[in-house]
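Asks: Once you've had a glance at the structure underneath, I'll fire off some questions.
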Amino acid sequence: MKISCLFMLLLLPLCAQNLKVKVDPRVELCSIVCHLADYPEYNRVFHKTYAAKVNDYFKNFRNHSAIQLARQLRQNFGISYNAPMDIAAHMNMDFTVSNTTLPNAQMDKRWNSKIIHTFTKALQEFAQHTNFTKFFQKNQGLYSKVCARLQQTLDTYCKHNWVTEFFATKATPFHVVVNIIGGPMNYATRYKDKTTLHVYSIMGVWNIDKNGDAIFPATVVPFIIHEFCHTYVNPLVDEHQKQLQKPAQKLFSYTAQAMRRQAYSEWQYMIYESIVRACVIRYVHDNSGNAQLLIHQERNRGFLWIEDLVTLLHKYDRKQYQNFAQFFPQIVAFFHKWSLKIDELQQKTPKIIRTSPVNGSKDVSATLDKIVIVFDRPMRNFSWSVMKTTLPFPPLTGNVYYNENHTIFTMPVQLQSGQKYGFALNSQGQRGFISKEGVPLAPIFFTFSTK
């Protein structure tokens with residue numbers, strides 16, 4: 001799945017052997033179709049030169065049947081983010097999918113055989129009608145330059161053999177594919193042929209130099225490890241779905257807002273990400289990186305249990321457990337245990353019991369000179385996070401403050417008539433509103449409109 005670019009200050013060692021970086025025509029075809037179909041996650045393109053080439057070459061095909069189908073698949077089946085990359089990995093190089101491939105396909109549950117065949121047929125027609133191969137060959141120079149830069153980073157910093165050693169699986173082909181249209185999004189997928197499991201880390205491009213070219217600092221390495229880990233973790237989660245469902249749903253109900261903002265719309269995605277992120281932190285720890293920084297970042301993203309999960313992974317001893325699959329029941333038990341903490345956490349979490357104006361009000365008087373937020377318990381003094389959103393922020397006329405017992409927070413303001421205002425209280429990374437006991441307020445978006 002997708003992750004945001006916040007891994008910093010990591011010291012990573014030399015790698016044992018090289019990974020080979022490439023641009024895959026199947027990935028490019030699927031990504032370009034999603035880009036033209038206005039998938040938001042395939043339109044955050046940082047490499048402006050390549051985006052211009054794509055938009056210019058395919059400008060007359062934005063209403064092609066494949067593009068229209070892609071829009072329908074997103075709307076009707078939720079096909080988005082990683083799902084198109086599953087199709088890419090399972091296609092042949094002529095963009096067909098063999099009937100023998102599908103029964104053993106390890107694809108996202110959003111796909112079924114009918115829409116797979118319908119979509120791949122549309123992709124074939126799009127490739128033929130647009131002469132996609134000509135576009136792909138025409139841009140080989142750009143692809144080679146991007147691949148060479150990522151290759152240099154991996155040759156210097158990446159220790160990918162850690163993955164197979166950690167999960168205790170036989171050596172498997174790892175493929176690193178650059179997806180320029182993918183922007184800051186990274187995906188994992190896998191494909192199993194008759195004898196071999198192929199594991200893909202599909203990497204976006206989100207660092208650009210002053211000349212507009214892609215660059216890949218050492219901090220991209222954990223993203224690659226992250227995507228490789230998904231290919232081993234996700235099937236184990238699916239295998240233990242019945243045992244995980246009840247505790248995971250309880251955890252998800254508590255963190256749903258934070259998870260959905262990261263495009264993790266169901267409890268399964270939350271569990272995938274929880275375990276994979278803990279594995280990445282273990283990788284960073286094992287390779288002398290700043291694991292504690294990552295724990296802090298992941299906790300702020302809503303993975304409240306991440307430190308405890310990392311601690312559990314340190315108990316994964318290969319002398320006791322033959323492989324990660326054998327250890328996995330301990331992880332299932334971990335989530336059961338953590339779900340029991342939710343009731344206590346909910347009781348300790350500060351709540352807003354009253355506001356003036358009421359959140360969502362549409363007839364607020366412009367003469368209102370202060371916004372008041374009342375909490376159900378004392379909050380930590382001189383600590384708050386009030387942040388701007390896409391809506392206008394209400395102009396302040398003085399300093400914000402708490403009352404004496406720190407239960408009432410006041411913002412002096414001067415409002416204008418006929419204006420819609422908005423702001424956020426706390427966020428994934430900013431949790432200044434925190435109780436005296438140290439529990440943060442769940443992030444809240446506050447909006448109102450004046451008469």
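Asks: Restricting attention to the range 405-416, does a residue exist that is closer than 24 Å to Ala256 by Cα and outside the structural domain of Thr255 (by the TED database)?
Replies: no
Asks: Suppose we filter the range 185-199 for residues that are crowded, with 24+ Cβ neighbours inside 10 Å, in contact (Cβ under 8 Å) with a residue 40 or more places away in the chain and in a strand (DSSP E or B); how many remain?
Replies: Total meeting the criteria: 3.
Asks: Is there a residue being over 16 Å from Arg354 (Cα atoms) and within 35 Å of the chain's Cα centre (by Cα) anywhere in the range 372-379?
Replies: No, because not a single residue in the range 372-379 is over 16 Å from Arg354 (Cα atoms) and within 35 Å of the chain's Cα centre (by Cα).
Asks: Further question: Considering the range 265-297 alone, what residues qualify as being within 21 Å of Ala442 (Cα to Cα), acidic (Asp, Glu) and surrounded by fewer than 21 Cβ atoms within 10 Å (Cβ to Cβ)?
Replies: Passing the criteria: only Glu266.
Asks: Which residue out of Ser31, Ser65 is under 14 Å from Ile181 (Cα atoms), assigned by the TED database to the domain that holds Asn207 and touching a helix residue (DSSP H, G or I) at 6+ places or on another chain (Cβ under 8 Å)?
Replies: Only one candidate qualifies: Ser31.
Asks: So which of Asn403, Asn381 is touching a strand residue (DSSP E or B) at 6+ places or on another chain (Cβ under 8 Å), under 30 Å from Gln297 (Cβ atoms) and surrounded by fewer than 17 Cβ atoms within 10 Å (Cβ to Cβ)?
Replies: Asn381
Asks: While we're here: Just checking, which of Thr410, Thr397 is within 36 Å of the chain's Cα centre (by Cα) and polar (S, T, N, Q)?
Replies: Thr410
Asks: Between a first residue in the range 310-321 that is outside the structural domain of His285 (by the TED database) and over 18 Å from Glu273 (Cβ atoms) and a second residue that is crowded, with 16+ Cβ neighbours inside 10 Å and at pLDDT below 90, which pairs have beta carbons less than 8 Å apart while being 6 or more apart in sequence or on different chains?
Replies: none
Asks: Could you check the range 310-428 for strands (runs of 3 or more DSSP E) lying wholly inside it with 2 or more residues that are over 30 Å from Gln292 (Cβ atoms)?
Replies: In the range 310-428, the matching strands (runs of 3 or more DSSP E) lie at 352-356, 370-375, 408-412, 420-425.
Asks: Shifting gears a bit: I'm checking my understanding of the structure. Among residues of the range 200-228 that are in a helix (DSSP H, G or I) and touching a Lys or Arg at 6+ places or on another chain (Cβ under 9 Å), which one is surrounded by the most Cβ atoms within 10 Å (Cβ to Cβ)?
Replies: Checking each candidate, the answer is Val221.
Asks: Okay, next question. Within the set of pairs 6+ apart or on separate chains, which have a first residue in the range 78-97 that is more than 13 Å from Pro25 (Cα to Cα), a second that is outside any loop (DSSP other than H, G, I, E, B) and among the acidic types (Asp, Glu), and C-beta atoms under 9 Å apart?
Replies: Hits for this filter: Ser80/Glu41; Tyr81/Glu41.
Asks: Checking the condition more than 20 Å from Lys250 (Cβ to Cβ) and without any contact (Cβ under 8 Å) to a residue 60 or more places away in the chain, which residue from Asp369, Asp343 passes?
Replies: Matching residue, one of Asp369, Asp343: Asp369.
Asks: Related question: Checking Asn300 against (1) modelled with pLDDT under 90; (2) buried (at least 20 other Cβ atoms within 10 Å of the Cβ); (3) touching a Gly at 6+ places or on another chain (Cβ under 9 Å), which single condition isn't satisfied?
Replies: Just one mismatch for Asn300, condition (2).
Asks: Please tell me if Phe324 is closer than 19 Å to Tyr232 by Cβ and crowded, with 17+ Cβ neighbours inside 10 Å.
Replies: The answer is yes for Phe324.
Asks: Of all residues in the range 160-184, which are outside any helix (DSSP H, G or I) and more than 27 Å from His47 (Cα to Cα)?
Replies: Ala168, Thr169, Lys170, Ala171, Thr172, Pro173, listed by residue number.
Asks: Can you pull out the residues in the range 158-184 that are surrounded by 16 or more Cβ atoms within 10 Å (Cβ to Cβ), within 21 Å of Ala278 (Cβ to Cβ) and not small (Gly, Ala, Ser)?
Replies: Across the range 158-184, the qualifying residues are Cys158, Lys159, His160, Trp162, Val163, Thr164, Phe166, Phe167, Thr169, Phe174.
Asks: Among the residues of the range 264-296, what is the count of those that are within 19 Å of Cys229 (Cα to Cα) and either under 20 Å from the mean Cα position of the chain (by Cα) or of a type in the set (Val, Ile, Thr) (or both)?
Replies: So the count comes out to 22.
Asks: Does the range 186-199 contain any residue that is within 30 Å of His64 (Cβ to Cβ), in contact with a Leu (Cβ under 8 Å, 6 or more places away or on another chain) and not β-branched (Val, Ile, Thr)?
Replies: yes
Asks: Could you give every pair whose Cβ atoms fall below 8 Å, whose first residue belongs to the range 39-56 and is outside any helix (DSSP H, G or I), and whose second residue is of a type in the set (S, T, N, Q), counting only separations of at least 6 or pairs across chains?
Replies: Tyr39/Ser80; Phe46/Asn207
Asks: I need the full set of residues from the range 298-350 which are more than 25 Å from Pro443 (Cα to Cα) and among the hydroxyl-bearing types (Ser, Thr, Tyr), in order please.
Replies: Thr311, Tyr316, Tyr321
The values are calculated or read from the model by the stated rules, or taken from the named source; none is laboratory data. Worth saying up front: this structure is predicted, and the values here are computed from it rather than measured. Here Cβ is always computed from backbone atoms with ideal geometry, including for glycine, and neighbour counts include all displayed protein chains.
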